[in-house]
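The structure under discussion appears below in the form of structure tokens.
The values are calculated or read from the model by the stated rules, or taken from the named source; none is laboratory data. Everything numeric in this text was worked out from a predicted model, so none of it was measured. Neighbour counts run over all protein chains shown; Cβ positions are idealised from the backbone, glycine included. For the accessible areas, the whole protein counts, side chains as well, though only heavy atoms, and no ligand, DNA or RNA atoms are used. Shrake-Rupley method; radii C 1.70, N 1.55, O 1.52, S 1.80 Å.
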Amino acid sequence: SYTTDTKSRGENKKTLENLYSLSVDVAKIRRLKEWVLLQDVAYVKETAGILQEMGADETTVASIIERCPEAILHTPAEINSQRALWQLVCQNEKQLIKLIEQFPESFFTTEYQQNQKANICFFQELGFKNNIITRFLTSAPNIFYNPVEKNKNVIQTLQRNYLNLGGSEANMKIWILKLLSQNPFILLNTSTAIQDNLEFLQKNYFTDQEVLQLLSKLKGFIFQLNSTTMQKSMLFSKNIFKCSDQELKKLVLKCPALLCYSVPVLEERLEGLLKEGISIAQIRETPMVLELTTQIIQYRIKKLSALGYDIKNGKLESLNGTKKDFEVTYGKIQSKKERPVFNPVAPLHIED
């Protein structure tokens, strides 16, 4: 009976032989992406040869193919084109092979080479250093698949709004570079979505200066939200904290998480804090605790409680910040607790 199922053709014996000769874990490929082994044509030896030319040893070649088996389906010409493309921003082939080993899927997406090249040149013209562009290529490869005109439109929208909000021409380039370095995924949005979100903030009584402040604090993640979600989150916070529009605005500026987390997330985090005996008044005083997950909050409270620190009657600032910030706070509380009540360097008066 006729079937279109490629699996009925069986695995390509030549592909298997070539993979085994390179000490590739074929069982791993079979488990993750068996379809690669079913293709009529594969360039196993050629792909391995190009990677070895760049300085990859046998172990590295095997690791790359195991993690990204579809690499062997690209022609040598496609891989060499991609190699030339990435060399525009890599210091040398040693750095390039290291990047391929860490991010093989980003490198072996060869369908958008024209767009990738145009965008690399555009980012260089904008003033991005090559090390930032390589970080984009590996961690946010999708932004290079856009036609360069689309990325230009988004950046022009950001520039125009920055100036309209009172930003200075002199600082605009630095602001754009910093914003995109923190969150290159802004470029996956449309110019219209960016405009809508900024208008939403202005309609909710945020001054131009405050909107700029929020953009910097949120590292541009505000553009990945939509006005409906933001409206619901703000209404939820307003009801929970029983505050006026102006008071809510101050809370949002203090803790932008109130704007960008969805209602279910805020509810869960609030519930977690209340279960630990923390009051709404305390949370309103230090809303930044809502930026932390319930698990992190529980862990930090447990650690502080072991030192005899009562969070219910204390300040919530001790829970705030990054892991590093918390460790500094914890260390201070710990050393204060362990400080001796006598002066250890004072001379002892011992009678003869």
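With respect to I64, determine if the residue is of a type in the set (A, V, I, L, M), touching a Gly at 6+ places or on another chain (Cβ under 6 Å) and assigned to a helix (DSSP H, G or I).
Judged against the criteria, I64 is not a match.
Determine which member of the set D245, D310 is surrounded by fewer than 13 Cβ atoms within 10 Å (Cβ to Cβ) and over 28 Å from N204 (Cβ atoms). Steps first, please.
Details: D245 fails: over 28 Å from N204 (Cβ atoms).
D310 is the lone residue from the list that is surrounded by fewer than 13 Cβ atoms within 10 Å (Cβ to Cβ) and over 28 Å from N204 (Cβ atoms).
Please verify whether K250 is free of Cβ contacts under 8 Å to residues at least 24 places away in the same chain and out of contact with any Pro (no Cβ under 6 Å at 6 or more places or on another chain), treating the condition exactly as stated. Walk me through it before giving the result.
On the way: free of Cβ contacts under 8 Å to residues at least 24 places away in the same chain: yes; out of contact with any Pro (no Cβ under 6 Å at 6 or more places or on another chain): yes.
Against the criterion (free of Cβ contacts under 8 Å to residues at least 24 places away in the same chain and out of contact with any Pro (no Cβ under 6 Å at 6 or more places or on another chain)), K250 qualifies.
What are the pairs with Cβ atoms under 8 angstrom where one residue, in the stretch 297-316, is at negative phi and the other, located anywhere, is surrounded by fewer than 18 Cβ atoms within 10 Å (Cβ to Cβ) and β-branched (V, I, T)? Sequence gap at least six, or different chains.
Pairs found: L304/I333; L307/I333; Y309/I333; K315/T286; L316/T286.
Of all residues in the stretch 198-231, how many are farther than 17 Å from F185 by Cα and not in a helix (DSSP H, G or I)?
Looking only at that region, the number is 4.
Kindly list, by first and then second residue, each pair from a residue in the stretch 122-146 that is over 12 Å from W86 (Cβ atoms) to a residue that is surrounded by fewer than 20 Cβ atoms within 10 Å (Cβ to Cβ) and among the polar types (S, T, N, Q), limited to pairs with Cβ atoms under 6 Å and residues at least 6 apart or on different chains.
Note: pairs meeting the criteria are I132/S181; Y145/N115.
Might you check whether a residue that is more than 30 Å from Q209 (Cα to Cα), among the acidic types (D, E) and over 23 Å from the mean Cα position of the chain (by Cα) occurs anywhere in the stretch 284-300?
Residues of the stretch 284-300 more than 30 Å from Q209 (Cα to Cα): 294-300.
Still in the list and also among the acidic types (D, E): none.
No, that holds for no residue.
Only one of E66, E11 is open to solvent by 40 Å² or more (accessible area, probe 1.4 Å), touching a residue at least 24 places away in the same chain (Cβ under 8 Å) and either closer than 27 Å to N142 by Cβ or acidic (D, E) (or both); which?
Matching residue, one of E66, E11: E11.
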